[in-house]
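Read the figures in this text as sums done on the coordinates, not as results from a lab. Only a predicted model underlies this, so the values are computations on that prediction, with no experimental measurement involved. Quick reminder, even Gly has a Cβ in these numbers, built from the backbone with ideal geometry, and neighbours come from all protein chains shown.
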Amino acid sequence: MILGISVGEISPQHHDVDAKKHAKNVISPNLTTCHESVARPGLSVYCCPPKPESEEPFIDFQFPDPSSPLRLRRAAHLVDNDYIAKYRNAVSIMKSLPYDDPRSLLRQANLHCIYCTGAYKQKNSDIPLHVHRSWLFFPWHRMVLYFHERILGSLIGDDSFALPFWNWDNPDGMVIPEMYVTGSLVDTDRENSHLPPQVVDLNYNLQEKGLGPEEQIKINMALMYTQMVSGAKTTELFMGCPYKGGEGGFCEGPGTIELAPHNTLHDWTGTGLNPGREDMGSFYSAGRDPIFYGHHGNVDRLWEVWRRLQGEYYNSEITDPEWLDSYFFFHDEKRQLVRIKFQDVVNITRLRYAYEEVELPWLNARPRPSVPPKIAREILKMRDLDHENNQELPSSPFLSADFGPQGRTLDTTIRVKVHKPKKHRSKKQRDFKEEEVMVVYGIEVKEDSYVKFDVYVNAVDETLMVGPEFREFAGTFVNIPLGVWPVMRRKSNLKLGISELLQDLEADEDESIWVTLIPRTEDCMNVIIDGIRIEYIE
Ligand code: C2O
């Protein structure tokens, strides 16, 4: 049931070739290669372990005993004082461990630094390995939490200890949970004005929007709906692009949740007084803040929630053997180096943890069109006429969805008409999960800076388009500096599922749609885009 590969069909002489190709495409670090890396423009960091991990013996991962206690991860705003005291105690001990102890908080934070700034090379190539912006994102971070949680538990002698999750997709969890505001869970490098009772802005763009709590919550819920439901109807849209080992395997295309709220909340939490909004606002430093683990607890939980939602439609599991066999190394609670594969972390029950059930209020937060679709269509028809009349003008910037060899700079709003390859899709195609996907391709962020731009479909008045609370909002692109390892700076693609949105806008049978890209941060001046096209993904 799990693997769709039929090895039996491969003839013996091809088998070797295949096995080699397989080994090359599997992602893993070369542990001898740890080196200084760039944290953000102008800052070098050295996050490597004091002694190279390649000199340590390792063991292969073993599942915990199925009869060991199930660790129940609870919402951070719902736990009691006893739990908080216990967690704080564990973190204090972890912080007090010396740096040469891999269980210490700084070593664990540096693990994130190593794998986000590309301090290791890939096993079979010179390409730096990093774990963001692709389908490595969810499973790699799951591994981090798994070991972090078990280390904390062992430090206080509690084998049922579970991490909390910051339930920021639920209105009651939309502030920094109290437990993080005092004691050992504090990090002083957080944005002061975002401490409680400030409501989180899941769509943060470095500007304080000054919205009241109710309005902010409404926007947060609508964004969650787009990122978890309408925009995430295929595995790639949610998980990110299929990154493989080696030069040919490279891709950069983060999934919906990674872009927002994951990236946006990193930046919202870190302080604007630091150049890289450290700690949370830069990946090299994020793991120093204990809230990082609660933030990722929720990201990890949403992976489970999404799977469950998808289960009703089709099989959302990744069955690619190269992804399943990709492996990494972590120290366990006994300081033993462990090799662990993605296939080891796809089932959380086998890992002996679970998430407390909480409500999913955003399931009912499907956004509505800002203008009734019939009226919008009339207005867009006029725009179409203008557009056709201008067709002769050779240099009109809005006429093509391929921006040519130079691309277009996102220093101002870009509005283009994009043709849909398939106009009338049969009901069967629509029902059987053939998702219509808008691809904003060839996104180049010249300085690896904080960038956010939003994408709208058939917007009649962009000045009214405030955000995700309107159905015309198709998604957002959010770039957090990874560290500027020049070889790592590649163009990204942003893929947005728009089938449901087009239905709601009554545009699913149209030949073309209008797409608007709105820059939301100053650094969008440094962004060049190659074009926009429509694809179909099953
Ligand atoms: Cu590795 Cu929240 O990032």
| message | What does the net charge come to around residue 30 if you take all other residues with beta carbon closer than 12 Å to its beta carbon, with K and R at +1 and D and E at -1? | response | 0
| message | How long are the semi-axes of the equivalent ellipsoid of the chain, taking √(5λ) for every eigenvalue λ of the Cα gyration tensor, in whole Å from largest down? | response | 38, 27, 23
| note | Residues whose built amide H sits under 5 Å from the amide H of residue 270, excluding neighbours closer than 5 in sequence, are 191, 280, 281
| So for the pair residue 334, residue 319, with labels modelled 7 Å out along Cα→Cβ, what separation do we get in nm? | 3.7 nm
| request: Over the residues of the stretch 137-220, compute the C-alpha Rg and express it relative to 2.2 N^0.38 Å. | output: 1.32
| note | Excluding residues fewer than 8 positions from residue 381 in its own chain, the lysines with Cα under 26 Å of it are 417, 420, 422, 423, 427
| Binned at 5 Å from 0, what are the whole-percent values of the Cα-Cα distance distribution for the stretch 219-332, short to long? | 2, 10, 16, 19, 20, 18, 11, 4, 1, 0
| remark: For the chain, whose charge dipole is built from +1 on Lys and Arg Cβ atoms and -1 on Asp and Glu Cβ atoms, the candidate among 17, 464, 162 with its Cα farthest towards the positive end is 17
| message | Suppose we keep just the DSSP beta bridges with both residues in the chain; what percent of those would be antiparallel, to 5? | response | 85 percent
| request: No other cysteine beta carbon under 4.7 Å away is the test; run it over the chain and list who passes. | output: 116, 524
| note | Beyond 24 Å (Cα-Cα) in this structure, taken from 446/495; 209/374; 244/334, we find 209/374; 244/334
| field | For residue 531, residues with placed amide H under 5 Å, excluding near neighbours | value | 403, 441
| Per residue Cα convex hull volume for the stretch 317-356, in cubic angstrom? | 80 Å³
| remark: Share of Cα-Cα pairs in the stretch 83-148 beyond 17 Å, whole percent, is 53 percent
| Where only alpha carbons of the stretch 42-135 are counted, the Rg and the Dmax (Å) | 17.4, 50
| said: With a cap of 14 neighbouring Cβ atoms within 10 Å, and only residues DSSP puts in a loop, list the chymotrypsin sites (Phe, Trp or Tyr not before Pro) found in the stretch 218-318. | reply: 313, 314
| message | Under 18 Å from a point placed 7 Å out from the Cα of residue 99 along the Cα-to-Cβ direction: which residues of the stretch 45-62 have their backbone N that close? | response | 45-53
| request: Could you give the size of the charge dipole of the chain about its Cα centre, using +1 on the Cβ of each K and R and -1 on the Cβ of each D and E, expressed in debye and rounded to the nearest 20? | output: 600 debye
| query | If you add up the charges near residue 69, with Lys and Arg at +1 and Asp and Glu at -1, over every other residue whose beta carbon is less than 11 angstrom from its beta carbon, what do you get? | reply | -1
| remark: In debye to the nearest 20, the charge dipole size for the stretch 181-312, taken about the Cα centre with +1 at each Lys and Arg Cβ and -1 at each Asp and Glu Cβ, equals 320 debye
| note | Computed on Cα atoms only, the convex hull of the stretch 329-389 has an orientation-averaged projected area in nm² of 10.2 nm²
